[in-house]
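No value in this document is a laboratory result; all are computed from the given coordinates. Keep in mind that what you see is a predicted model, and the values were worked out from it rather than measured. Counting neighbours? That spans all protein chains shown, and the Cβs are built from the backbone with ideal geometry, glycine included.
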Amino acid sequence: MFDNLQDRLGQTLKKISGNARLTDANIQSTLREVRMALLEADVALPVVKTFVDSVRSKALGQNVSKSLNPGQQFLKIVQDELIAVMGQGAVPLNLAAQPPVVILLAGLQGAGKTTTAAKLARFLTEREKKKVMMVSADVYRPAAIAQLATLGQEIGVNVFPSNINEKPLAIVEGAVSQAKKEFADVLIVDTAGRLSIDEAMMAEIEQLQGTIKPAETLFVIDAMIGQDAVNTAKAFDEVLDLTGVILTKVDGDARGGAALSVRHVTGKPIKFLGVGEKTEALEPFHPDRIASRILGMGDVMSLIEEVERKVDKDKAQRLAKKLTTNKGRGFDLEDMRDQFQQMRNMGGMGAIMKMMPGMSGMSQILEQKGTQNQFGRMEAIISSMTPKERRSPDILNGSRKRRITRGSGTSIQDLARLLKQHKQMQKMMKKMGGAKDMNKMMKGMGGSGEMPADADFASGQMPGRIGGGLPRLPGAGNPGGIPPELLQGLGKSKK
């Protein structure tokens, strides 16, 4: 999401970030390009106009003209305005009501309401530790009822049975009664969608909302339909008392116009983003983090949260203890494979790089070079070794190497590259001094995520500490501190 906008804005803002002072001419020129970038991202025209006018008025103000670094201050203004357009902060669900808290999902057919219901149930179960029940009020599509039941079984959440011969209101009232008996904390109601807005659909869901009085009425909409998403959200909001929006399929939307428009046009906060097909692919919406991603500044807080959720802590502790004891020398091929697997769980190297300040360009390079496939080949090679060979790769002779490459479907060159990579990672672990220094690095990353005034986007360098946190390690254009030797050789074509 936002890939196109990030590319265009990145190129535009680089031109002004190096200027010693701001003038009417360079501000007007930059804002014309910003306007075009937003329009190409399918941002609604009223939003673009408000955004550009606000940036212009602040950029020409006295505070900026007296700034020591006005070019960088201009970027700060753009960041603040992006946050203002999307909402100043994350808006959590209202779970303080008397249980069962009812969450009503509304939207058009095909927006992904049923899948979103399961994603939301999993989110509340795993992260909020709530007991959740789901129910489908879509009596017009038996397949939707069956789909919700299947998803409920998959994530371990109870689904109240629906009967297509009953009225939607009767089904939901029965679900509320059952949720009380089972002491459920939350009841998620999946409603019927239509291919377009019609009176019968609106009357039905309006009656549902008026009777069960949900704590949350969330509008689920496909981000890929662009400005139509905003218009549809507005139409629903005129009939229903919406409390928020969930944007789905944002992983397939390179523009991001809906995310930048919905809050401004409807006044309703975006509460979640659907970022994939799996039931865990739901993210709370943080305007400040999204603004940082758009400007290529990364998203350190989301990266830390991903690590917390997806990294195997037992394996990490064992490796930390091993590195502390052996000062990096104990880092073997088993450990290297574990690191590849942990990285894959987090979406791969490209996904991680996108969340690191100044590294979004590197993520695109890695994707173009097929780095993820390279990691897959490395994993296959390591898996073809015996446990002894993984622990002591120095014993690999010619016959062992031929056996390993035949078993993994790779070449001797691939194996040689892997062994070289392992040596480099081993040296890196030794230089880092083991787990204590790594823990300090990770703790240091917990900054505010705000853009520092002295960030240098033109050169790709960031200041020594980002948002009061991330330490800068050596390496031009590598503010995240990824050692160059770790990236060396990745994505090379198989010979």
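Key figures
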| read-out | value |
| --- | --- |
| Inter-label distance, nm, simple model (7 Å from Cα along the C-beta direction), Gln98/Met428 | 5.7 nm |
| Of Lys130/Lys249; Lys167/Lys213; Lys76/Lys427; Lys249/Lys420; Lys49/Lys213, pairs whose Cα-Cα distance is over 29 Å | Lys76/Lys427; Lys249/Lys420; Lys49/Lys213 |
| Arg403 versus Ala203: modelled label distance in nm, points set 7 Å from Cα along the beta carbon direction | 7.7 nm |
| Segments 394-406, 264-276 sorted - mean Cβ within 10 Å per residue, highest first | 264-276, 394-406 |
| Label-point gap, in nm, between Lys181 and Ser411 - each point 7 angstrom along Cα→Cβ | 6.7 nm |
| Normalised contact order of the stretch 157-229, rounded percent, pairs of Cα under 8 Å and 6 or more residues apart | 21 percent |
| At R0 = 51 Å, FRET efficiency that the Cβ-Cβ distance of Arg141 and Leu60 yields, to 0.05 | 0.40 |
| Hydrodynamic radius (Kirkwood) for the stretch 101-285, which is based on Cα pairs only, to one decimal in Å | 16.2 Å |
| Listed residues Ser261, Val159, Ile212: farthest to the positive end of the dipole of the stretch 101-285 (Cβ charges) | Val159 |
| Linear extension gain, Asn165 paired with Thr386, 0.36 nm per residue minus alpha-carbon span | 73.5 nm |
| Dimensions in Å of the stretch 219-288 - Rg and Dmax from alpha carbons | 11.2, 32 |
